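Novice: Following this message is one structure expressed as structure tokens.
The values are calculated or read from the model by the stated rules, or taken from the named source; none is laboratory data. Not measured: the values here are computed from a predicted model. With ideal geometry, Cβ positions are generated from the backbone for all residues, glycine too; neighbour counts draw on all protein chains shown. In case anyone asks, the SASA skips ligands and DNA or RNA and just uses the protein heavy atoms, side chains included. Shrake-Rupley method; radii C 1.70, N 1.55, O 1.52, S 1.80 Å.
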Amino acid sequence: MLLGRRGRGSDRREPGGPAPEAAEPSPRAAEPPAAGRGEPPRGRRAPARNDLPGDAACLVGREEEFSLLTAPVSPEGVSVVAVDGTAGVGKTALVARSARALADAYPDGCLYVDLHTHSAAHERVGPQRALRRLLRAVRGGGDEIPDDLDEMAELVAAWRTATSALRLLLVVDDADSAAQVRPLLPAGPGSRVLVAGRRRLLGLDADLRLTVEPLEPDDAVVLLRDLIGKSRADREPEEAAEPARRCGGLPLALRIASARLQNRPSWTLAFLAGRMSDDVRSLGELRAGDRSVEAAFRMSYDQLIPELQREFRALGLAPTARFDALTLAAMLGAPGEEAEEALEDLVDASLLQQPHPGRYRLHDLVRAHARRPAAGAPEEAADRTAVLDL
């Protein structure tokens with residue numbers, strides 16, 4: 001059964017603000033251009049713009065989440081869904097698959113913008129830059145955005161005017177804050193927005209919030225076998241469980257592991273499992289070319305404020321993978337309320353899991369990563385001694 005785990009809440013929102021009194025005519029509502037100049041003949045609609053990313057060939061264990069993301073929504077307002085999860089858990093693949101399934105219901109176009117929050121600084125896309133891109137997309141390539149339209153309020157007003165008569169599907173990827181996303185919401189009734197990011201966007205009004213969890217063990221094995229191919233998998237029908245377990249149910253890790261097997265024809269699944277004999281070694285093995293599970297985690301760590309970075313490093317030194325606020329409080333010599341607030345912030349950053357209220361755990365690979373920066377701060381090793389003395 002291809003089912004994943006989920007966490008969600010319902011939070012109804014108002015539509016994306018009132019439409020301006022004099023909305024700019026949409027490209028589809030305008031009189032069709034005359035034939036013979038490279039445009040569609042009169043009376044024939046141009047194909048809807050579709051900027052959605054390509055679909056992943058293998059998507060396993062996400063049937064329930066897919067069903068939630070593609071469920072019908074009200075045609076009266078703008079529907080917003082916020083999808084979060086730790087690095088490498090497959091948020092973009094799930095959202096892209098869902099968006100492609102929905103595309104036919106949005107005749108005015110399917111738009112995609114990647115904010116690149118967890119990329120190099122020069123690649124990041126701020127709200128103003130994103131709005132200019134989106135405006136060009138709905139206005140057509142030949143309709144340039146005026147150079148003097150730089151103020152955020154002016155861009156937002158132009159965007160809402162341009163979209164007030166359109167029914168759009170918009171995917172916003174790698175978002176890090178509600179402030180990044182709010183200006184991008186279209187104004188047209190019946191539009192739908194799918195937002196993906198590692199951080200939980202508590203300040204964003206959303207109809208649905210969905211946390212994408214790591215795959216269940218059986219689904220992880222299925223995905224690994226699909227990725228390496230039937231003939232390779234059938235040579236070792238019982239050996240995929242251990243490397244899949246070492247990947248912690250993260251599709252990114254499973255894809256990297258499969259790439260390593262494909263590039264090492266002499267390796268067996270059992271040999272790879274031996275190279276991933278513990279969590280720290282697993283993290284070292286999970287890199288291929290420019291892809292690395294540790295690099296993905298490092299991007300999340302680098303986004304934390306210094307205080308949270310210190311608290312995250314302390315958790316890497318904890319004697320157990322599961323703990324409560326008292327554990328962190330003892331390690332830091334801090335009040336329990338302060339420790340609990342830090343743990344909740346790390347949950348919101350998708351670096352920490354909360355299986356039960358007041359109880360927390362680190363994903364095995366995230367825990368292995370937390371030990372790396374902790375090793376660079378040897379003075380913090382005393383924190384572990386403090387908690388062992390409890």
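Novice: Where the only charges are on Cβ atoms (+1 Lys, Arg; -1 Asp, Glu), what is the dipole of the stretch 184-263 about its Cα centre, to the nearest 20 debye?
Specialist: Charge dipole, the stretch 184-263, about its Cα centre: 420 debye, nearest 20.
Novice: Then there is this: Using 10 Å bins from zero, what percent of all Cα-Cα pairs in the stretch 189-252 falls into each bin?
Specialist: Result returned by the calculation: 18, 34, 21, 18, 8, 0.
Novice: Could you work out how far the C-alpha centroid of the stretch 240-280 sits from that of the stretch 68-116, in angstrom?
Specialist: Between the Cα centres of the stretch 240-280 and the stretch 68-116 lies a distance of 31 Å.
Novice: Considering only protein heavy atoms, what per residue accessible area in square angstrom results for the stretch 127-284 with a 1.4 angstrom probe?
Specialist: Spelled out: the 1.4 Å probe surface of the stretch 127-284, per residue, equals 40 Å².
Novice: As a test question: what accessible area, to the nearest 10 Å², does ASP290 have when a 1.4 Å probe is rolled over all protein chains in place?
Specialist: Here the residue's solvent-accessible area equals roughly 150 Å².
Novice: Give me the percent of the accessible area of the stretch 190-267 that comes from carbon and sulfur atoms, probe 1.4 Å, all protein chains in place.
Specialist: Carbon and sulfur together cover 46 percent of it.
Novice: Just reorder VAL78, VAL280 by solvent-accessible area, largest first, 1.4 Å probe, all chains present.
Specialist: VAL280, VAL78
Novice: Let me ask you something else. Ranked from the most accessible area to the least, with a 1.4 Å probe and all protein chains present, what is the order of ASP205, ASP51, ASP218?
Specialist: Final ranking, largest accessible area leading: ASP218, ASP205, ASP51.
Novice: Which value, in Å³ per residue, describes the convex hull spanned by the Cα atoms of the stretch 226-318?
Specialist: Spelled out: Cα convex hull of the stretch 226-318, divided by residues, is 96 Å³.
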